[in-house]
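The values are calculated or read from the model by the stated rules, or taken from the named source; none is laboratory data. Everything numeric here is computed off the predicted structure, so don't read it as measured data. Please note: Cβ atoms are built from the backbone with ideal geometry, for glycine as well, and neighbour counts cover all protein chains shown.
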């Protein structure tokens, strides 16, 4: 699942604690990978080259 965030919305002081809580919750689960868009593209190309 991709979570797209924008600093104008999530980066303001009264909202940042909710983003931090969300990320702590998500990455606390097994099998979670944090990737940049470039890393997702690299992963996808690698997976498609295996087929």
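Quick notes on this structure:
- Close Cβ contacts (under 6 Å, 6 or more residues apart or on different chains) running from residues in region 19-34 that are under 14 Å from residue 5 (Cα atoms) to residues that are modelled with pLDDT under 95 and in a helix (DSSP H, G or I) comprise 19/10.
- Among the residues of region 5-30, the one identified as in a helix (DSSP H, G or I), surrounded by 10 or more Cβ atoms within 10 Å (Cβ to Cβ) and at pLDDT below 85 is 10.
- Test: residue in region 6-25 that is on the phi > 0 side of the Ramachandran plot and out of contact with any helix residue (DSSP H, G or I) (no Cβ under 9 Å at 6 or more places or on another chain): no
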